[in-house]
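These notes are about the structure you will find just below.
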Amino acid sequence: MLAGALFGEMLRRFTLVGYAAGAIMLLSLVARRILGPRPRHFGFRAGIVTLMLGASAYAGIVVASRIDALQHEIGVAPSSLPAGDPRRVEFGTLHGLSTALQLVPLLGGLALLFWEIKE
């Protein structure tokens, strides 16, 4: 259980670093628009970064808090519950949602990286 708590703390720290990186990315994009030549398709790029931040925030705040509450309620590893248990099903659904939401920043970052390289 101690290893799970340490992993959870590291994941929370990583999430905070991700929020900071997204904010820096958005601020640097805005600074480029104000100080230099406007980046091509600025609105689209800013929208992608905002979507990335929104998906990360929703996964890290809303979904993660529900997962934590469910884990505390269960008291044991969700995989140890019977397959039809509603708490196990809900945990699996939340875990899948969190994973899908974390694909948004990954794919958005790859799209922005490709865009920067191309430009």
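Does the stretch 31-52 include one or more residues that are part of a helix (DSSP H, G or I), within 19 Å of residue 12 (Cβ to Cβ), at pLDDT 90 or above and not hydroxyl-bearing (Ser, Thr, Tyr)? Yes, the conditions are met somewhere in the stretch 31-52.
When the stretch 55-70 is filtered for residues that are polar (S, T, N, Q) and in contact with a helix residue (DSSP H, G or I) (Cβ under 7 Å, 6 or more places away or on another chain), only 56 remains.
Residue count for the stretch 24-81 satisfying the condition of being more than 24 Å from the chain's Cα centre (by Cα), without any contact (Cβ under 8 Å) to a residue 60 or more places away in the chain and surrounded by 12 or more Cβ atoms within 10 Å (Cβ to Cβ): 4. Filtered by the rule that a residue be in a helix (DSSP H, G or I) and either polar (S, T, N, Q) or on the phi > 0 side of the Ramachandran plot (or both), the stretch 67-115 gives 71, 79, 80, 93, 98, 99, 102.
The values are calculated or read from the model by the stated rules, or taken from the named source; none is laboratory data. Keep in mind that what you see is a predicted model, and the values were worked out from it rather than measured. All Cβ positions, glycine included, derive from the backbone under ideal geometry; neighbour counts span all protein chains shown.
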